[in-house]
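Below is one structure, written out as structure tokens; comments come after it.
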Amino acid sequence: MNEADRDLPRELLAESLLAWRIAGSVAREHDGTLVIDEAAKSIRIDPGEHPMFRWMVTVDGRKRGAVSLVAVLRQVREALDPGYATQRVRVAIAPLVPS
């Protein structure tokens, strides 16, 4: 993986902050950790420590796993945008058409 590819998650997060109209900046540390500098919250996004999670998102000291970059974006937006209405998806085994 080249340097430009390693920087894509940082760029995506930075552009997402702009799209969400949230003031802040995103920096990548030498170990690959992403740090979001925003006045109200302290957010770190580390490469996953657990084999099930690709990322570990830490918001104000609370650490949560994220299986994808989409999950990282959701957690960051939930932390920074109090007006953001989350929508959870539940998957259940059931017939497609009720009988």
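Considering the range 1-42 alone, what residues qualify as being at pLDDT 90 or above, hydroxyl-bearing (Ser, Thr, Tyr) and either out of contact with any Asp or Glu (no Cβ under 7 Å at 6 or more places or on another chain) or under 16 Å from LEU80 (Cβ atoms) (or both)?
If the condition is that a residue be at pLDDT 90 or above, hydroxyl-bearing (Ser, Thr, Tyr) and either out of contact with any Asp or Glu (no Cβ under 7 Å at 6 or more places or on another chain) or under 16 Å from LEU80 (Cβ atoms) (or both), then SER16, SER25 are the ones that fit.
Check VAL70 against each of (1) surrounded by 15 or more Cβ atoms within 10 Å (Cβ to Cβ); (2) modelled with pLDDT of 90 or more and name the one condition it does not meet.
(1)
Which residue is surrounded by the most Cβ atoms within 10 Å (Cβ to Cβ), if the candidates are limited to the range 35-55 and must be farther than 19 Å from TRP20 by Cβ and free of Cβ contacts under 8 Å to residues at least 12 places away in the same chain? Spell out how you get there, then give the answer.
In the first step, residues of the range 35-55 are kept if they are farther than 19 Å from TRP20 by Cβ; the result is 46-54.
Those still in the list that are free of Cβ contacts under 8 Å to residues at least 12 places away in the same chain too: 49, 51.
On the way: GLU49: 10, PRO51: 6.
Among them, the one singled out is GLU49.
Could you grab the pairs with beta carbons closer than 8 Å, sequence gap of 6+ or different chains, first residue in the range 12-24 and within 16 Å of ALA40 (Cα to Cα) and in contact (Cβ under 8 Å) with a residue 24 or more places away in the chain, second one of a type outside the set (Phe, Trp, Tyr) and loosely packed, with under 11 Cβ neighbours inside 10 Å?
Sorted first by the residue in the range 12-24, then by its partner, the pairs are GLY24/ALA39.
Which of the residues that make up the range 35-53 are out of contact with any Leu (no Cβ under 8 Å at 6 or more places or on another chain), acidic (Asp, Glu) and assigned to a loop (DSSP other than H, G, I, E, B)?
Selection gives GLU49 alone.
Where the second residue is hydrophobic (A, V, I, L, M, F, W, C) and surrounded by 10 or more Cβ atoms within 10 Å (Cβ to Cβ) and the first is modelled with pLDDT of 70 or more and lies in the range 84-98, which pairs have Cβ atoms under 6 Å and are six or more apart or on separate chains?
Matching pairs, first to second residue: none at all.
Take LEU18 and decide whether it is part of a helix (DSSP H, G or I) and either surrounded by 13 or more Cβ atoms within 10 Å (Cβ to Cβ) or among the hydroxyl-bearing types (Ser, Thr, Tyr) (or both). Write out each step before concluding.
Working: part of a helix (DSSP H, G or I): yes; either surrounded by 13 or more Cβ atoms within 10 Å (Cβ to Cβ) or among the hydroxyl-bearing types (Ser, Thr, Tyr) (or both): no.
It is false that LEU18 is part of a helix (DSSP H, G or I) and either surrounded by 13 or more Cβ atoms within 10 Å (Cβ to Cβ) or among the hydroxyl-bearing types (Ser, Thr, Tyr) (or both).
The values are calculated or read from the model by the stated rules, or taken from the named source; none is laboratory data. The structure displayed is predicted, hence computed values, not measured ones. So basically every Cβ, Gly included, is an ideal-geometry build from the backbone, and we count neighbours across all protein chains shown.
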